[in-house]
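Each remark here refers to the structure printed beneath this line.
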Amino acid sequence: RKEVEQDPGPFNVPEGATVAFNCTYSNSASQSFFWYRQDCRKEPKLLMSVYSSGNEDGRFTAQLNRASQYISLLIRDSKLSDSATYLCVVRGLGGNTPLVFGKGTRLSVIA
Amino acid sequence: DTGVSQDPRHKITKRGQNVTFRCDPISEHNRLYWYRQTLGQGPEFLTYFQNEAQLEKSRLLSDRFSAERPKGSFSTLEIQRTEQGDSAMYLCASSAFGNQPQHFGDGTRLSIL
C-alpha cells in the first residue's frame, strides 16, 4: 500500500464550480500535512498547511481527520488558473523528516 | 529572486556519462533536500542535509548517486554512469528549522539518450 494515496483524476470542472480532493495516508505517526500545487513541468509550490482544526485560505479549505488518516482540499468558485496538479503531502515526526508525496490529483477548470 | 535555485534547468546526455547538478537553497535555510520526480508520480525523497551533514539517504539512492554540501550552503548531486531509468526531474528543496515547509527550486530535467 502506498504511503499517501490520491485519486489521480483528472477532474474536469466548469468555472465557478466547487471541487473536493481527498487523500489518505498509511503512517499513523505522520505529524505534518500539506497541500502543494504543481503546474505542468514546474516545481511543486506550497498551497497550504493542513491543521487538525481545519483551515481556510480564501477559496481553499483544508481538513484533516487523524482518526481516519484522511486529508481533504476543497476549492470553491474554481478559476481557470486553478488548473494544476494538487499533491497531498505528509511528514513524520520531527522537522528533519522528508516529505512523502502522493501522486497528485489533476484538475482542469474549463471555461 | 531569493528562492531555491537549480542549475542546469535541462540536461541531455548519453547513457554512461556522468552528470552533476547544483542547488543553491534559500540563504537562511539550513536544511536541504533532493527529490526525484518521474512522469505521473509525485516527488520521491533521495537525500537530506542539515548544514553540511548528510543525515539521511533513501534506498532509491544507488551507489551511482552521490550528494555533497561541503560548506553547508549549495549542494551538488552527481550521477555516475547514467542509465535510461535515471531520466527524471531532480528537485531540490530547502527549509528553515523545525517543521517549516519546504520550498522547491525549478528542478533539473535530465534526459538520457
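Readers should treat all values here as calculations from the given coordinates under stated rules, not as data from a laboratory. Remember, predicted model here, so these are calculated numbers, not experimental data. Counting neighbours? That spans all protein chains shown, and the Cβs are built from the backbone with ideal geometry, glycine included.
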In terms of the alpha carbon gyration tensor, root eigenvalues a ≥ b ≥ c, rounded if a/c is under 1.5 and otherwise prolate when a/b exceeds b/c or oblate, segment A:27-100 is oblate
Using only alpha carbon pairs under 8 Å that are at least six residues apart, calculate the relative contact order of chain B and give it in whole percent. 37 percent
Projecting each Cα onto the charge dipole of chain B (Lys/Arg +1, Asp/Glu -1 at the beta carbon, about the Cα centre), which of B:His103, B:Gln84, B:Leu61 comes out farthest on the positive side? B:Gln84
Could you run the Karplus curve 6.51 cos²θ - 1.76 cosθ + 1.60 with θ = phi - 60° over segment B:73-80 and give me ³J(HN,Hα) per residue in whole Hz, x for Gly and Pro? 10, 6, 10, 10, 10, 10, 10, 9
Under a point spin-label approximation (7 Å from Cα along Cα-to-Cβ), what is the A:Ile110-A:Asn27 distance to one decimal in nm? 3.8 nm
Label-point gap, in nm, between B:Leu39 and A:Tyr51 - each point 7 angstrom along Cα→Cβ: 4.1 nm
Enumerate the amide H contacts of A:Asp7 below 5 Å, restricted to partners 5 or more residues apart or on another chain; note that Pro and chain-start residues carry no placed amide H. A:Asn22
Cα centre as origin, Lys/Arg/Asp/Glu Cβ charges: chain B dipole, Debye: 360 debye
Whole-Hz Karplus couplings 3J(HN,Hα) for segment B:9-23, θ = phi - 60° and coefficients 6.51, -1.76, 1.60, Gly and Pro as x, run 6, 9, 9, 10, 8, 7, 3, x, 7, 9, 9, 9, 10, 10, 9
Counting DSSP beta bridges with both ends in the protein assembly as shown, the antiparallel % (nearest 5): 90 percent
Using the count of nearby Cβ atoms within 10 Å as a rough guide to exposure, how do A:Lys45, B:Lys11 rank from fewest to most? A:Lys45, B:Lys11
Once you order the gyration tensor axes a ≥ b ≥ c over the Cα atoms, which shape class does the protein assembly as shown get: rounded for a/c under 1.5, otherwise prolate or oblate by comparing a/b with b/c? prolate
For the protein assembly as shown, the count of lysine pairs 8 or more apart or interchain whose alpha-carbon atoms are under 29 Å apart comes to 23
Antiparallel DSSP beta bridges within chain B, percent to nearest 5: 90 percent
Under-5 Å amide H pairs with B:Lys57, H placed in peptide plane, nonlocal only: none
Take the alpha carbon atoms of segment B:37-109, find their center, do the same for segment A:6-36, and report the distance between the two centers in whole angstrom. 25 Å
Residue by residue through segment A:26-42, what is 3J(HN,Hα) from phi via Karplus (6.51 cos²θ - 1.76 cosθ + 1.60, θ = phi - 60°)? Round to whole Hz and write x for glycine and proline. 9, 8, 5, 7, 4, 10, 10, 9, 9, 10, 10, 10, 9, 7, 4, 6, 10
DSSP bridge orientation in chain A - percent antiparallel, rounded to nearest 5: 90 percent
